[in-house]
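All remarks here apply to the structure that follows.
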There are 2 protein chains.
Amino acid sequence: MEDILMLLCDVGNTSYHFLDADKDYKESVKTFNPHAITNKVYYICVNPHAKLVLETLDNWIDLSWHVDMSNYYDTMGIDRIFACEAISDGVIVDAGSAITVDVVEKGVFAGGFIYPGVNAMGETYKNISSALDYPFNYDIDLKKLPKNSRDAISYGYLKTLHSEVISHSKDIFLTGGDADKLLKIFPHAKIDKTLIFKGMKKVIAKKQ
Amino acid sequence: MEDILMLLCDVGNTSYHFLDADKDYKESVKTFNPHAITNKVYYICVNPHAKLVLETLDNWIDLSWHVDMSNYYDTMGIDRIFACEAISDGVIVDAGSAITVDVVEKGVFAGGFIYPGVNAMGETYKNISSALDYPFNYDIDLKKLPKNSRDAISYGYLKTLHSEVISHSKDIFLTGGDADKLLKIFPHAKIDKTLIFKGMKKVIAKKQ
C-alpha cells in the first residue's frame, strides 16, 4: 500500500502544506528547510522561490509534469489545476489570499475566475473610506437587501460571489484557509481542505 | 422658471460637481473656494471637511434637511439618497471610488450594497499577486467562463456584480465617473451622469 506511505506537499506562497498518510500539517515558507526531508515527496508548487530550490532535490518529485495540461491554460496556478483534477463535476471555491472559482464538467475544466480573498477585500473597503472599515458579516441574510453599512459591504462582497457561484447549478466544493467562513454563505457545500491532495493522488495513480 | 436659474452642487471627496441650468462641470476640492460663489447654491455634501465650510455660508443651502430620511439609514451617503430620490423604480449603479448599488421599488428605497470601484479593485488584484496586474477587460463575454488570467480577474470583478444587479429584474440606471465602463456590461442600462441633480430638483420642487 504505497498510498499510505506517500508524502505529499502543496507549496504555497506562505506555507508548505504536507499530507503524511492521512495527517496534514503546515510549515512556514520562512523557516522550513526542504533539505530536511530525505524521503520521497510528491509536490506541486506555486511559489517561484521555493520552486528553484525544490528542482535541485532528487527526492522531491514535481507532479506538475504528470498532468494533461491541454484542458487548462498556461498562467493558471498549478494548485487550481490539481483541485480540478480531484473532482469530476462541480464548482471548486478555493478561499485563500485570492478566491479562485473553477468549474469542472464531466471531468473537464470548463473555466474559472479569480475574486479577492477575505483579507484583501476587507483592506479594499477600508482603503476606499474609513466609513467602510467593518469586519464582514458572514451571518448576513443574502435574501434581503441591506440597510446598514456593515451589511452593505458584506452583501457587496459575498452576495455577488454567491449569485455567480450558484448560477452554475453544480455541487460546490470549498477548500482553502477561509473555507469555514464561506461555508456560512454556501451551507450545502462540501468542505474539503485536502482537495488538492486528492487531485495529487489521482494524478499519481494515473502515472503508475 | 426658477429651475433654469438654479445652481446645484454635489460635493464629493475629490470634486464639487455643479449643474448650472443644463451645463454640468467639476471643480477640484483642492483648489475650489466656495466663497467665490455669491449666488444661491443648493447642495448636498459627503465630504466632511467641505461640510464644515459650507455650513457657515448663507447662500449655500444644504438640501439634506429636506428629504424624508425615514426610508433610508443613518450612515447612508447623502449622494446615494438623492440618486434614489430621482427615480421611482429601478436599480441605481453609481460607479465612483466605490460602486453603490441601490434598489428603489414603487418610490421607496428597498436597500442597497457597496462594491469596490474600478481603481480600488484593480489595486486589490495587483496587491494579491503581480501575476494579477492586468487592466480589466470590459469587452469580456460574461456568458463564457474564462480561460486566461486577464479575463479571470475581469469576470471575477464584473460578472459577480452583473449576476447580482440583473437578479433584481429592474431597469438599471448608471451614474458616476466610471458609468461608461460599466455600460459595456450593462448595455441596456440608462446612463445618466446627472441623476443626483434630478433627485435634488425633485426634493426642491417638493419643498416649494
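The values are calculated or read from the model by the stated rules, or taken from the named source; none is laboratory data. Everything numeric in this text was worked out from a predicted model, so none of it was measured. Neighbour counts run over all protein chains shown; Cβ positions are idealised from the backbone, glycine included.
Annotations for the structure displayed:
- Hey, B:G176 under 22 Å from B:D10 (Cα atoms), in contact with a Gly (Cβ under 7 Å, 6 or more places away or on another chain) and crowded, with 21+ Cβ neighbours inside 10 Å or not: yes
- Candidates in segment B:182-208 are the residues that are part of a helix (DSSP H, G or I) and of a type in the set (G, A, S); of these, the one that is surrounded by the most Cβ atoms within 10 Å (Cβ to Cβ) is B:G199.
- Counted residues, segment A:16-43 - those being among the small types (G, A, S) and under 18 Å from A:G199 (Cβ atoms): 1
- Residue in segment B:72-91 that is more than 9 Å from every other protein chain (Cβ to nearest Cβ) and among the polar types (S, T, N, Q) present: yes
- Checking each residue in segment A:97-154 for being more than 10 Å from chain B (Cβ to nearest Cβ) and in contact with a Cys (Cβ under 7 Å, 6 or more places away or on another chain) picks out only A:V104.
- Taking the numbered list (1) in the same structural domain as A:L182 (by TED's automatic domain parsing); (2) outside any strand (DSSP E or B) in turn, A:G112 passes all entries but (2).
- Where a residue in segment A:85-96 is at positive phi and its partner, wherever it lies, is modelled with pLDDT under 95 and in a helix (DSSP H, G or I), with Cβ under 8 Å and at least six apart: none
- Of residues in segment B:155-185 being among the small types (G, A, S) and more than 18 Å from the chain's Cα centre (by Cα), the one farthest from the other protein chains (Cβ to nearest Cβ): B:S169
- For segment A:38-80, a residue qualifies if it is of a type in the set (A, V, I, L, M, F, W, C) and under 14 Å from A:I204 (Cα atoms), and the qualifying residues are A:V41, A:I44, A:W60, A:I61, A:L63, A:W65, A:V67.
- If you go through segment B:129-183 and pick out every residue that is of a type in the set (D, E) and free of Cβ contacts under 8 Å to residues at least 12 places away in the same chain, you end up with 3.
- Condition met for B:V53 (over 25 Å from B:F186 (Cα atoms) and touching a Pro at 6+ places or on another chain (Cβ under 8 Å)): yes
- Counting only residues that are at pLDDT 95 or above and either in contact with a Pro (Cβ under 9 Å, 6 or more places away or on another chain) or more than 17 Å from A:G90 (Cβ to Cβ) (or both), segment A:169-184 holds 4 of them.
- Test: residue in segment B:190-201 that is within 12 Å of chain A (Cβ to nearest Cβ) and among the hydrophobic types (A, V, I, L, M, F, W, C): no
- Summed over segment B:155-181, residues that are part of a helix (DSSP H, G or I) and of a type in the set (G, A, S) total 3.
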